[in-house]
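Written below as structure tokens is the structure these notes are about.
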Amino acid sequence: MPRELACKKCKAITVGKVCPICNSTDLSSDWSGIVIVFDSKTSLIAKTLEISIPHKYALKVS
Ligand SMILES: [Zn+2]
């Protein structure tokens with residue numbers, strides 16, 4: 001598993017130190033589950049997780 005971090009605010013997964021979605025630096029290495037959203041307009045998962053930008057997201061971030 002690569003050392004990816006998940007944003008605590010929007011759950012976006014990133015390898016950088018800043019969240020590419022909400023620009024938060026509040027990232028956690030303790031996350032599980034991956035959801036990849038390609039089209040946030042038609043994706044039911046995106047609606048459920050309140051995701052509006054296509055990206056890779058973690059299901060659980062702690
Ligand atoms: Zn974020």
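State whether one or more residues within the range 11-28 are in contact with a helix residue (DSSP H, G or I) (Cβ under 9 Å, 6 or more places away or on another chain) and of a type outside the set (D, E, K, R). Spell out the reasoning first.
Looking only at the range 11-28, we keep the residues that are in contact with a helix residue (DSSP H, G or I) (Cβ under 9 Å, 6 or more places away or on another chain), and these are none.
Within the range 11-28 (the criterion being in contact with a helix residue (DSSP H, G or I) (Cβ under 9 Å, 6 or more places away or on another chain) and of a type outside the set (D, E, K, R)), the answer is no, since none of the residues qualifies.
Filtering the range 21-44 to residues that are more than 8 Å from the ligand (Cβ to nearest atom) and closer than 11 Å to Lys56 by Cα leaves Gly33, Ile34, Val35, Ile36, Val37, Phe38. For the range 14-50, what are the residues that are touching a strand residue (DSSP E or B) at 6+ places or on another chain (Cβ under 6 Å) and farther than 15 Å from Arg3 by Cβ? Those that are touching a strand residue (DSSP E or B) at 6+ places or on another chain (Cβ under 6 Å) and farther than 15 Å from Arg3 by Cβ: Cys19, Pro20, Ile21, Ser24, Gly33, Val35, Ile36, Ile45. Scanning for something in contact with a Gly (Cβ under 9 Å, 6 or more places away or on another chain) and of a type outside the set (Ser, Thr, Tyr), does the range 30-46 turn up at least one residue? No, that holds for no residue.
Pairing each residue of the range 1-28 that is farther than 15 Å from Glu50 by Cα with any residue that is among the basic types (Lys, Arg) and within 8 Å of the ligand (Cβ to nearest atom), provided the two are 6+ apart or on different chains, yields C-beta distances under 9 Å for Cys19/Lys8; Cys19/Lys9; Ser24/Lys8; Ser24/Lys9; Asp26/Lys8; Asp26/Lys9; Leu27/Lys8; Ser28/Lys8. For the range 1-20, the tally of residues that are surrounded by fewer than 20 Cβ atoms within 10 Å (Cβ to Cβ) and under 9 Å from the mean Cα position of the chain (by Cα) stands at 3.
Read-outs throughout are calculated quantities, based only on the coordinates presented, and are distinct from any laboratory measurement. Keep in mind that what you see is a predicted model, and the values were worked out from it rather than measured. All Cβ positions, even for glycine, are placed from backbone atoms using ideal geometry, and neighbour counts span all protein chains on display.
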